[in-house]
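Engineer: My structure is below; once you've seen it, I'll send some questions.
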Amino acid sequence: MRKLFPLFILILLLNNTNVMAQNKAKVLVLIHSDNGGTYEMAKEIAKGIESENKATAVVKLVKESQNQKLKNIPVANVNELSYYDGIAFGSPVYFGNISTGMSEFLSKTVDLWTNHSLEGMPATVFMSAGSGAGKELALQSFWNSLAVHGMVLVSNGIRGNEGINKSIPQGNTVLGTTTMASLKDVERPTKDERNLAQLQGKNFAKVALVLKGTFAKKEVAIIEKPADFNQILKEKNIVLPQVPKPAGNYKPFVRSGNLIFINQVALKDGKIFNGGKLGVDVNEQQVKDATKLTMLNVLAVLNDAVNGDLSKVKQCVQLTGIFNTKDDYTNHAGLMNSASDLVVDVFGEKGKHARGTLGASSIPVNSSVEIQAIFEVE
């Protein structure tokens, strides 16, 4: 009996631990961060949320980042927001407003708004400012977006103000904590800005716990896994060629913002495939085959542009086919279908695009076809 007593105590402790974990509020710290300033604040907010063991915090990004500090942070899905007991939103200040990345994410929450999925859920906000000018305006713009969802807005109030160093600019506001990232007089966030963020997180955890269970949570929608394009290519017997090397002082692709621009001709193993003028040197079927090969070259360059991750492709925006034809030829669209069919075969709905086709009296390196492509990527 004495041997069983310690085991009985252990079982009670484990059960008690499970009950305490279930009673905690689960808070999402959702951020967009450019250079890491907002992320530094997010860590302090999360620390404050968990400081009294009343809540757990998880930090997620609204979009993938190439910043080394942020690469390993998970990206949130819009549909998961309703799963939490509270959300702390963080963003850089963009000209007195929330950042473009955060704005784009919030624009995807229309279905949540329609279904009242976030109604009654507590929310708080924090930001990373530049000089500090416009920070209150930006925080208010944040509040406006969340108020539309019917979220309970938890302000920071006059919290921790008495203890901060007033000899240097600090990011404290009653609407939410900020850090003045571009002011390099001291390390940012400052010690006081970090402390204020922790106080904000600590207060928010209390509110989230009190309101936990008072608003209807919607079931979390199943988050679709990104398509495995290597598997798709394999299943469809599509083999991407080696990226053709430029023949002059230019690059295989150029990225501008979220758009990638690509031009390719019908090269195969360094040589022109089915070259010449339609109706003189090659027939329609040969040009269609050359067009499909050219589109494969475009996809190979695109794959290189997204570092082998074609799941980053959001949309094929535009394809333009230029064909080496006689003046009286008119079936350019029929020739281009092999390229359009291929891109839709690979990307599905994301592959459907605007299109242009035209004829030319000649095409460089005697190719029978040239394709110009524009893709939108993450």
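Engineer: Being assigned to a strand (DSSP E or B), farther than 19 Å from VAL254 by Cα and open to solvent by 60 Å² or more (accessible area, probe 1.4 Å), is that true of even one residue in the stretch 348-368?
Structural biologist: yes
Engineer: Is it the case that the stretch 326-336 has a residue that's surrounded by 23 or more Cβ atoms within 10 Å (Cβ to Cβ) and in contact with a strand residue (DSSP E or B) (Cβ under 9 Å, 6 or more places away or on another chain)? It would help to see each step written out before you state the result.
Structural biologist: Of the residues in the stretch 326-336, the ones surrounded by 23 or more Cβ atoms within 10 Å (Cβ to Cβ) are 335-336.
Then drop every residue that is not in contact with a strand residue (DSSP E or B) (Cβ under 9 Å, 6 or more places away or on another chain), which leaves 335-336.
Yes, that holds for at least one residue.
Engineer: Would it be correct to say that VAL306 is β-branched (Val, Ile, Thr), in contact with a helix residue (DSSP H, G or I) (Cβ under 6 Å, 6 or more places away or on another chain) and touching a residue at least 12 places away in the same chain (Cβ under 8 Å)? Lay out the reasoning, then the answer.
Structural biologist: Working: β-branched (Val, Ile, Thr): yes; in contact with a helix residue (DSSP H, G or I) (Cβ under 6 Å, 6 or more places away or on another chain): yes; touching a residue at least 12 places away in the same chain (Cβ under 8 Å): yes.
Yes.
Engineer: Which of the residues belonging to the stretch 281-305 are part of a loop (DSSP other than H, G, I, E, B) and in contact with a strand residue (DSSP E or B) (Cβ under 9 Å, 6 or more places away or on another chain)?
Structural biologist: Answer for the stretch 281-305, where residues must be part of a loop (DSSP other than H, G, I, E, B) and in contact with a strand residue (DSSP E or B) (Cβ under 9 Å, 6 or more places away or on another chain): just ASP281.
Engineer: Against the condition open to solvent by 60 Å² or more (accessible area, probe 1.4 Å) and either modelled with pLDDT of 85 or more or more than 26 Å from the chain's Cα centre (by Cα) (or both), how does LYS191 come out, does it pass?
Structural biologist: Criteria met by LYS191.
Engineer: Next up: Mind checking which residues of the stretch 40-59 are outside any loop (DSSP other than H, G, I, E, B) and not hydrophobic (A, V, I, L, M, F, W, C)?
Structural biologist: We begin by selecting, within the stretch 40-59, every residue outside any loop (DSSP other than H, G, I, E, B); these are 40-49, 55-59.
Residues satisfying the conditions are GLU40, LYS43, GLU44, LYS47, GLY48, THR56.
Engineer: Additional query: Out of all the residues in the stretch 311-327, which are of a type outside the set (A, V, I, L, M, F, W, C), in a strand (DSSP E or B) and in contact with an Asp or Glu (Cβ under 9 Å, 6 or more places away or on another chain)?
Structural biologist: Answer for the stretch 311-327, where residues must be of a type outside the set (A, V, I, L, M, F, W, C), in a strand (DSSP E or B) and in contact with an Asp or Glu (Cβ under 9 Å, 6 or more places away or on another chain): LYS314, GLN315, THR320, GLY321, ASN324.
Engineer: Going residue by residue through the stretch 211-226, is there one that turns out to be modelled with pLDDT of 90 or more and either closer than 29 Å to SER82 by Cα or in a helix (DSSP H, G or I) (or both)?
Structural biologist: yes
Engineer: Also, I was wondering about something else. Tally time: how many residues in the stretch 234-291 are among the aromatic types (Phe, Trp, Tyr) and within 18 Å of GLY334 (Cβ to Cβ)?
Structural biologist: Number satisfying all stated conditions: 0.
The values are calculated or read from the model by the stated rules, or taken from the named source; none is laboratory data. What you see is a predicted model; the values in this text were computed from it and never measured. Note that we place each Cβ from the backbone using ideal geometry, even for glycine, and neighbour counts take in every protein chain shown. Note: areas computed on protein heavy atoms with side chains; ligands, DNA, RNA excluded. Shrake-Rupley method; radii C 1.70, N 1.55, O 1.52, S 1.80 Å.
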